[in-house]
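Below is one structure, written out as structure tokens; comments come after it.
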Amino acid sequence: MSKPDLAAKLEILADAAKYDASCASSGTTKRDARSGGIGSTTGAGICHSYTPDGRCVSLLKVLLTNYCVYDCLYCINRASSGVRRARFTPEEVVQLTLDFYRRNYIEGLFLSSGIIRSPDYTMEQVVRVARTLRVEHQFRGYIHLKTIPEASPELIEQAGRWADRISINVELPTPADLAQLAPEKNLARIDQSMQVIQARIAQGKAERAESPRAPAFAPAGQSTQMIVGATPSPDADVLARADQLYRQRKLKRVYYSAFSPIPDASRHLPLLAPPLVREHRLYQADWLLRFYGFSVGELTTPAAPDLRLDVDPKMAWALRHREHFPVDLNLAPRELLLRVPGLGVRNVDRILRVRRWHRLRLDDLLRLRVPMKKALPFVAVADHTPHRLEAAGALRLLAPPADQLDLFAPAPASVRSGEL
């Protein structure tokens, strides 16, 4: 069998990379290529995707190789899988990145890899791509490198030196889950590597505070990904792990990826994928943990460890705690306003500004574009006081109507951010 050419390799390895969701590019330092070099993290001209902070960025997202010595049961590229295999050389990835940029297809690179030979050998190849782009070609675009927990600290140091963001995938929320589906991986070792990266990021920030010319280390921070639905672990376990990573390791993002059944799957894996709305609810709950002051224990309970699929997590909390409502928008503190269904962070801040000058009325909420159907049963303003929301009929009143999808229509894409 002849070796695949570059186009065939790209087809195989770009498709193999689609299962990794942790490739958003927000939060990095702003670079401008007008002073020299090529690529940019802020320039205009690429309109393929939007980052959470509003910038438009498109990334070349590939694996260096889909060969792997690990046999993680949930992974399409596991050692025992029968998928087509391919491998780029570092020079080929560099050339692809430059060619795609010059054609205005991309503005950055997301590079991951299966494990070949050893973690250090693989990490050395990945770092070589980033170093070549930065040093030899003066590439100033965004680079996200997927790192390997077992790689040496020296190689991870180099990865952070050349990349905007680095990440290590947790993959599954509990040690028991990893022991069942990925016995070669160890959650404690992953956490230890994250701790090393966290310390190095903090050190880099301190050095740059003293001397702006000091080299940055992963200025966009680190992120991770968890697979949802490959094991029976409930949403409470997933959110508890995410909350721990945010608090203890200061991660920028935790991404959630709904398990997708793979060919020749192990009997330990479920036959069906979880509903995509579960992934969507986890992103909403993640937002509530990070920006709205909620705790995991408020979003899930021992009696209901999974998030409801029929309503969003904030609405579910409000229906369980009707004694807190209605909330007077003219008097309530910010912490309570953030718990009102339909009010996002920006609207809460606007409400706080407006009410300094006059009492809020329904017309003010309309001008602020507050979703009235969702918010009105929970708020009181100068010209509106709702009836007490009773349990009977509440869900029928507030839940969104079910959509009748066309038989051949694709499933709706999950939304990863927004007003809650």
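Couple of notes before you dig in:
- Extension gain, Leu352 to Ala8, is 118.2 nm, computed as 0.36 nm per intervening residue step minus the present C-alpha separation.
- Close amide-amide hydrogen proximity is noted between Val228 and Ser257, Ala258, Phe259, each under 5 Å apart and 5 or more residues distant or on a separate chain (H modeled in the peptide plane; Pro and chain starts excluded).
- Under 18 Å of direct C-alpha separation, and excluding same-chain neighbours fewer than eight residues apart, Lys252 reaches these aspartates and glutamates: Asp20, Asp53, Asp164, Glu171, Asp191, Asp243, Asp286.
- Distance between modelled label sites at Ala199 and Ala304, nm, 7 Å Cα→Cβ extension: 4.3
- Relative intensity of segment 313-398 on a log10 scale, I(q)/I(0) at q = 0.10, 0.15, 0.21 Å⁻¹, equals -0.22, -0.49, -0.97, per a Debye sum over C-alpha point scatterers of equal strength in the absence of solvent.
- Qualifying trypsin sites (Lys or Arg not before Pro) for segment 71-146 [loop in DSSP, other Cβ within 10 Å: at most 14]: Arg84, Arg103, Arg117
- Percent of beta bridges antiparallel (DSSP, segment 6-293, rounded to nearest 5): 10
- Sparsely packed trypsin sites (Lys or Arg not before Pro) within segment 334-366, loop by DSSP, other Cβ within 10 Å at most 15: Arg356, Arg359, Arg361
Readers should treat all values here as calculations from the given coordinates under stated rules, not as data from a laboratory. Source: prediction; values computed, not measured. Cβ sites come from the backbone with ideal geometry, for glycine too, and all protein chains shown count toward neighbours.
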